[in-house]
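Below is one structure, written out as structure tokens, with a few remarks after it.
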Amino acid sequence: MNEVLIEGRGLKRYYHRGSETVKALDGVDITIRAGEIVSILGPSGSGKTTLINLLSCLDAPTGGTLTIAGRSVAGLSEDQLVEVRRGLLGFVFQQFSLIPTLTVRENIELPLIFLGRRPDPQKTQQVIDAVGLGHRAGHLPRELSGGQMQRVAIARALIVEPKILVADEPTGNLDKATGESIIDLLKRLASEQNLAILLTTHNTVFAYEADRAITLEDGRIVSEERQLSAATIR
Ligand SMILES: Nc1ncnc2c1ncn2[C@@H]1O[C@H](COP(=O)(O)OP(=O)(O)OP(=O)(O)O)[C@@H](O)[C@H]1O
Ligand SMILES: [Mg+2]
């Protein structure tokens with residue numbers, strides 16, 4: 001079995017609004033291993049974003065235990081959480097979030113600049129090629145299609161060589177065929193680079209292409225389905 005990267009037990013995230021308590025997550029057990037793709041499905045408001053924000057240390061649980069790369073994250077300060085995320089997690093968003101005035105190459109290298117690391121042109125080229133944008137490195141985001149923009153965003157997440165890629169509705173702004181090509185790309189990256197991928201989606205077809213599809217309802221897991229794909233039998 002592959003290395004466990006994330007382990008959550010009884011995860012809760014309650015929000016208090018006046019006298020009302022919103023139980024965004026209400027006791028979720030989840031384990032993520034290296035190289036596996038886990039999709040999270042569920043109706044709007046079921047807790048998908050809340051769950052992946054907890055699992056990627058962007059937010060802290062109000063109950064339960066959470067271990068990330070062997071480290072218990074309960075009670076860590078914001079600075080310590082940043083340290084846990086660094087080099088371990090890469091993020092991809094529904095809206096791509098590219099900087100419009102920077103080229104594809106510059107957008108991809110941006111996380112390295114934030115980390116104070118000098119970009120290695122060869123490494124950047126390798127990542128650009130991995131997402132199939134070799135011919136677009138000098139272009140600006142507005143010169144790209146939505147699917148190509150999402151590929152840039154994936155490359156930008158990969159440049160820090162994360163072990164886990166977290167994607168909240170990565171196909172949400174794309175048509176079906178383009179979404180499918182992004183899912184294919186994620187699957188290829190997971191198997192070639194032993195990258196764990198955690199994604200949310202409203203699309204059941206995409207969700208069931210993952211190694212595991214977890215369905216949430218009202219902050220709880222109501223079903224979990226496994227696929228016997230290459231990644232799980234490896
Ligand atoms: N900051 C917050 N304060 C109060 N309630 C919140 C907050 N963030 C989320 N919630 C509530 O938690 C619940 C789960 O929200 P979440 O964003 O995780 O749902 P989701 O499954 O990602 O939905 P969608 O498919 O629409 O993206 C919702 O009822 C939401 O209103
Ligand atoms: Mg959401």
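Test SER229 against the criterion of being of a type in the set (Gly, Ala, Ser), surrounded by fewer than 22 Cβ atoms within 10 Å (Cβ to Cβ) and modelled with pLDDT of 90 or more, and give yes or no. No; evaluated as a whole, the condition is false for this residue. Candidates GLU143, GLU169, GLU180: the one that is at pLDDT 95 or above and open to solvent by 10 Å² or more (accessible area, probe 1.4 Å) is GLU143. Among the residues of the range 185-198, those identified as open to solvent by less than 50 Å² (accessible area, probe 1.4 Å) and either modelled with pLDDT under 95 or away from ligand 1 (no atom under 16 Å from the Cβ) (or both) are LEU185, LEU186, LEU189, ALA190, LEU195, ALA196, ILE197.
Just wondering, is there one or more residues in the range 92-110 that are within 25 Å of ALA130 (Cα to Cα) and without any contact (Cβ under 8 Å) to a residue 24 or more places away in the chain? Yes, that holds for at least one residue.
When the range 1-42 is limited to residues that are among the polar types (S, T, N, Q), without any contact (Cβ under 8 Å) to a residue 60 or more places away in the chain and not in a loop (DSSP other than H, G, I, E, B), the one that is farthest from ARG71 (Cα to Cα) turns out to be THR21.
Output yes when any residue across the range 68-86 is in contact with a Leu (Cβ under 6 Å, 6 or more places away or on another chain), in contact (Cβ under 8 Å) with a residue 12 or more places away in the chain and open to solvent by 30 Å² or more (accessible area, probe 1.4 Å), and no when none is. Yes: the range 68-86 contains one or more residues that are in contact with a Leu (Cβ under 6 Å, 6 or more places away or on another chain), in contact (Cβ under 8 Å) with a residue 12 or more places away in the chain and open to solvent by 30 Å² or more (accessible area, probe 1.4 Å). Per the listing LEU58, LEU51, the residue uniquely under 25 Å from LYS187 (Cβ atoms), touching a Leu at 6+ places or on another chain (Cβ under 9 Å) and open to solvent by 60 Å² or more (accessible area, probe 1.4 Å) is LEU58.
Kindly check whether there is at least one residue in the range 70-88 that is within 13 Å of ligand 2 (Cβ to nearest atom) and within 12 Å of the chain's Cα centre (by Cα). Checking the range 70-88: not a single residue is within 13 Å of ligand 2 (Cβ to nearest atom) and within 12 Å of the chain's Cα centre (by Cα). In the range 19-46, which residue that is of a type in the set (Val, Ile, Thr) and open to solvent by 10 Å² or more (accessible area, probe 1.4 Å) is nearest to ligand 1 (Cβ to nearest atom)? Once the filter is applied, the top-ranked residue is VAL22. Candidates LEU54, LEU58: the one that is assigned to a helix (DSSP H, G or I) and either modelled with pLDDT under 95 or within 13 Å of ligand 2 (Cβ to nearest atom) (or both) is LEU54. Identification of strands (runs of 3 or more DSSP E) wholly contained in the range 138-234 with 1 or more residues that are free of Cβ contacts under 8 Å to residues at least 40 places away in the same chain yields 220-226.
Of all residues in the range 1-18, those that are over 16 Å from ARG226 (Cβ atoms), open to solvent by 60 Å² or more (accessible area, probe 1.4 Å) and not acidic (Asp, Glu) total 6.
Matching residues to (1) in contact with a Leu (Cβ under 6 Å, 6 or more places away or on another chain); (2) within 16 Å of ligand 2 (Cβ to nearest atom); (3) acidic (Asp, Glu):
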| residue | (1), (2), (3) |
| --- | --- |
| GLY138 | no, no, no |
| PRO141 | yes, no, no |
| LEU158 | no, no, no |
| ARG188 | no, no, no |
| GLU217 | no, yes, yes |
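Within the range 102-117, the set of residues being at pLDDT below 95 and either among the charged types (D, E, K, R) or over 27 Å from VAL82 (Cα atoms) (or both) comprises ARG117 only.
The values are calculated or read from the model by the stated rules, or taken from the named source; none is laboratory data. What you see is a predicted model, and the numbers here were worked out from it, not measured in a lab. Backbone-built Cβ (ideal geometry, glycine too); neighbour counts: all protein chains shown. Side chains are part of the model used for accessible areas, which takes the heavy atoms of the whole protein and leaves out ligands, DNA and RNA. Shrake-Rupley method; radii C 1.70, N 1.55, O 1.52, S 1.80 Å.
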